[in-house]
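The structure appears right after this line, and notes come after that.
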Amino acid sequence: MTATIIGTQGLTKRFGAITAVDGIDLDVREGDVYGFLGANGSGKTTTVRMLLGLVLATSGTAEVLGRPMPRDGRHVLPQIGALVESPAAYPRLSGRANLRVHDALAHGRRATRKGRVDQVLEQVGLAGVDERPVAAYSLGMRQRLGLAHALLGEPRVLVLDEPTNGLDPQGIREVRDLLLQLHRGGTTIFLSSHLLAEVEQIATRVGVLDRGRLVVQERLDVLKRPTGRTYVRTPDVAQARALLDGQVESYDERSLLVRVDDVAALNALLVRGGVRVSGLAPERHTLEDVVLEAAGASSDRFES
Amino acid sequence: MIRLLGVELHQLVRSRRTWVTILLIDLLPTIVAVLLKLTDIGPRPGTGPAFLSAVLTDGTLFPLAAMAIVLPLFLPIAVAIQAGDAIAGEAEQGTLRYLLVRPVGRTRLLVAKLVSVIAFVLLTLAVVAVTAYVVGVLLLGTQRVAGATTTVSGTPLTQGELVTRTFLALAYALLCMLGVAAIALFLSTVVDTPLAAAMGTMAVLVGSTLLLTLDAADSIAAFLPTRYWLAFVDLFRDPILWRDVVRGTLLQGAYVLVFLGAGWANFATKDITR
């Protein structure tokens, strides 16, 4: 079993009467791309802030890289790159100058960090940026700068909260490629997002937060397991229905949804029966189904 | 810690606001000097800002007069803004969370901010003193009576005594501003906007000044933060009148300890939710 990078036991945060995070047991392993999903207001950001020692837990414990947080933050945080909620920078300074400020504050030898600022700007696609102040940056540029800032310390773990916010489709694609590249290089990524599609495309494990509770925590390939039903595309729908009596769950003019354990046997049966099969596709659970099933109504919805 | 201080001080001297504030503070005593030169009308001895009646004959005393001019209002406002911005400003910009996860320890950050405010006060006092000296000598001349500067009490003062007492006065002014900075820093850890922290601090100072004019507030006057601010004038009496200077030092020391302590306790355990 691989090492636990982020582990929490009964992590809870109450703000007055409101329980923002309710006893969650996170388990993020080395080499994971952990998709941390949840609706707006479900407690994702509060959880991220507790992991980074910005918000202090009401009860429960959190360990990051095997050390208790926030107590050992001095040792843990230099190995973490974080984008918390939204990027932030000194508006009058240029992006490069902002990174230099943080680079100057970083621990470790100056010699080993030489050229680091240019390197991370290159990584996030801001290598050619001029000296204009961050105040004049677009939302997408700020987001890229935020990512550059997270990468500055060559972190073992990236904790990213909504990293593609404000990016155009090309930008989202670039960020995804960058994250996958870092992941291949051994970086563990904790990706908090409310965008199912974003998580589905790169996550290896998924945790779903619903109103402060962790309702799902599982490998993505397990969540997306086959449902035991198969789509059959065929021009001979009526013939197929006659052949598969009782197994057909639904159908339309061009396809049927069939409950079947052995897809190969189904295909053989159809072919033997003279049904022309143009496509067979096992139905899989989608992440959306899993999330909607596990989580309740949207928390920003207020019914009368 | 050294790196953090380097970054903070670098940001202080790079900031346009720092220099605009200092320029504005510096402008007031300069205007006073020009008016004195043009009209030659000083306040009658014993009235108006300290030393002003003396500088008409001796421009080298003008730095002290300039200090007496900026200390009651301009400098404390600038300090309240500067220190009020310390934590709340970073929180409002969102840069606070990135500093803390860098990681920069919370206590260290608070100390660095305090040092930065002290540097700002020193810088301002230095600029004001130098400008006032140049302006004073140029405009008001150096007509010394028997080659010596006179004390507020009228007795002569040697150059050595003058320098010593001036540095004592500067140190005292710095301590008074440190008291203001401590209150503003504390508020800066409590509220989320720098404006609220600065306004809160000014409210304390204005309230204190108002209460000092009220006879009914006599019993608490000795504990009001602005009570002994101008006691540095006593350093230029002969002999030095230590009573108010000592009380002022103790009082400001207490304010600094209490509010820095409260600010530290609050900030060290605060949830950073912005």
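Working with all protein chains in place, sort B:Trp229, B:Trp242 by solvent-accessible area computed with a 1.4 Å probe, largest first.
Values: B:Trp229 15, B:Trp242 120 Å².
Of B:Trp229, B:Trp242, the descending order of accessible area is B:Trp242, B:Trp229.
The order of the peptides B:198-205, B:83-90, B:7-14 by mean Cβ neighbours within 10 Å, most packed first, is B:83-90, B:198-205, B:7-14. GNM on chain A, alpha-carbon springs under 10 angstrom: the most fluctuating residue among A:Arg176, A:Arg225, A:Arg156 is A:Arg225.
Based on C-alpha pairs under 8 angstrom that are at least 6 apart in sequence, segment B:48-134 has a relative contact order of 42 percent.
Between A:Glu122, A:Glu249, A:Glu162, the residue with the greatest mean-square fluctuation in the GNM of chain A (Cα pairs under 10 Å linked by springs) is A:Glu249.
Which distance in Å, rounded to a whole number, links the C-alpha centroids of segment B:85-116 and segment B:1-44? Segment B:85-116 and segment B:1-44 have Cα centres spaced 25 Å from each other.
Solvent-accessible surface of segment A:4-223, averaged per residue with a 1.4 angstrom probe and all protein chains in place: 42 square angstrom. Computed about the Cα centre, the dipole magnitude for segment B:2-268 is approximately 600 debye when only Lys and Arg (+1) and Asp and Glu (-1) carry charge, each at its Cβ.
On full extension, the segment bounded by B:Ala216 and B:Asp192 gains 5.1 nm, given 0.36 nm per residue less the C-alpha separation. Per atom type, segment A:105-173 shows carbon and sulfur on 50% of its accessible surface, probed at 1.4 Å. Across the alpha-carbon atoms of segment A:4-223, the computed radius of gyration and Dmax are 17.0, 50 angstrom.
Beyond 33 Å, how much of the Cα-Cα pair distribution for chain B remains, as a whole percent? Cα-Cα pairs of chain B separated by over 33 Å account for 26 percent.
Would you mind giving the average projected area, over all directions, of the Cα convex hull of segment A:226-284 in nm² with one decimal? Intermediate values should be presented prior to the final figure.
On the way: hull surface 13.3 nm².
The orientation-averaged projected area of the Cα hull of segment A:226-284 comes to 3.3 nm².
Legend: Rg and Dmax of the protein assembly as shown, from Cα coordinates, 33.8, 127 Å.
Which links in A:Lys44/B:Lys270; A:Lys13/B:Lys113; A:Lys13/B:Lys270; A:Lys114/B:Lys113 stretch past 23 Å when you go from one Cα to the other? Violating the 23 Å limit, Cα to Cα: A:Lys13/B:Lys113; A:Lys114/B:Lys113.
Between A:Ser59 and B:Val137, the FRET efficiency from the beta-carbon distance, with R0 = 56 Å, is close to 0.25.
With θ taken as phi - 60° and the Karplus curve 6.51 cos²θ - 1.76 cosθ + 1.60 applied, the whole-hertz 3J(HN,Hα) list for segment B:164-174 is 4, 5, 5, 5, 4, 4, 4, 4, 5, 4, 4 Hz, x standing for glycine and proline.
With the contact rule set at Cα under 8 Å and sequence spacing of 6 or more, what percent relative contact order holds for chain A? Intermediate values should be presented prior to the final figure.
Working: 570 pairs, mean separation 62.6, N = 304.
Relative contact order comes out at 21 percent.
What does the structure give for B:99-109 when I average, per residue, the other chain Cβ atoms found within 10 Å of the residue Cβ? Can you show the working numbers first?
Details: counts 4, 9, 16, 13, 13, 3, 2, 3, 0, 0, 0.
Per residue, the average neighbour count from other chains is 6.
Considering every residue in B:10-21, what mean count of other chain Cβ atoms within 10 Å of its Cβ is obtained? Write down the numbers at each step before the final one.
On the way: counts 3, 4, 0, 0, 4, 2, 1, 1, 0, 0, 0, 0.
Across the residues of B:10-21, the mean count of other-chain Cβ atoms within 10 Å is 1.
Taking 12 Å as the cut-off, the amide N atoms of segment A:201-240 that come nearer than this to a point 7 Å along the Cα-to-beta-carbon line of A:Ser278 belong to A:233-237.
Where in segment A:213-301 are there trypsin sites (Lys or Arg not before Pro) that are in a DSSP coil and have at most 10 other Cβ atoms within 10 angstrom of their Cβ? Numbers along the way, then the final one.
Numbers: sites: A:Arg213, A:Arg219, A:Lys224, A:Arg229, A:Arg233, A:Arg241, A:Arg254, A:Arg259, A:Arg272, A:Arg276, A:Arg284, A:Arg301; in loops: A:Lys224, A:Arg254, A:Arg276, A:Arg301.
Answer by residue number: A:Arg301.
In the elastic network of chain A, a GNM with C-alpha springs shorter than 10 Å, the most mobile of A:Val199, A:Val175, A:Val290 is A:Val290.
For every helix of n ≥ 4 consecutive DSSP H residues, a contribution of -39,500 (n - 2.57) applies; sum these over chain A, divide by its total residues, and give [θ] at 222 nm rounded to the nearest 500 deg cm²/dmol. It comes out at -9000 deg cm²/dmol, rounded to the nearest 500. Take every Cα pair under 8 Å whose residues are at least 6 apart in sequence, average their separation, divide by the length of chain B, and the relative contact order is 25 percent.
Give the calculated FRET efficiency between B:Arg17 and A:Asp27 to the nearest 0.05, with a Förster radius of 60 Å applied to their Cβ-Cβ distance. Numbers along the way, then the final one.
Working: r = 47 Å, r/R0 = 0.79.
Result of the calculation: an efficiency of 0.80.
Between B:Val180, B:Ser219, B:Ser116, the Cα set farthest toward the positive side of the dipole of chain B (charges on each charged residue's Cβ, about the Cα centre) is that of B:Ser116. Taking every residue in A:85-92 and counting other chain Cβ atoms within 10 Å of its Cβ, the average works out to 5.
Assign unit charges at the C-beta atoms only (+1 for Lys and Arg, -1 for Asp and Glu), then state the dipole size of chain A relative to its Cα centre in Debye, rounded to the nearest 20.
Values: 38 positive and 37 negative charges, 231 e Å.
The calculation lands at about 1120 debye.
Placing +1 on the Cβ of every Lys and Arg and -1 on the Cβ of every Asp and Glu, with nothing else charged, gives segment A:201-279 a dipole about its Cα centre of roughly 280 debye.
The values are calculated or read from the model by the stated rules, or taken from the named source; none is laboratory data. Only a predicted model underlies this, so the values are computations on that prediction, with no experimental measurement involved. For neighbour counting, all protein chains shown are included, and Cβ atoms are generated from backbone atoms with ideal geometry for every residue, glycine included. Keep in mind that these areas ignore ligands, DNA and RNA; they rest on the heavy atoms of the full protein, side chains included. Shrake-Rupley method; radii C 1.70, N 1.55, O 1.52, S 1.80 Å.
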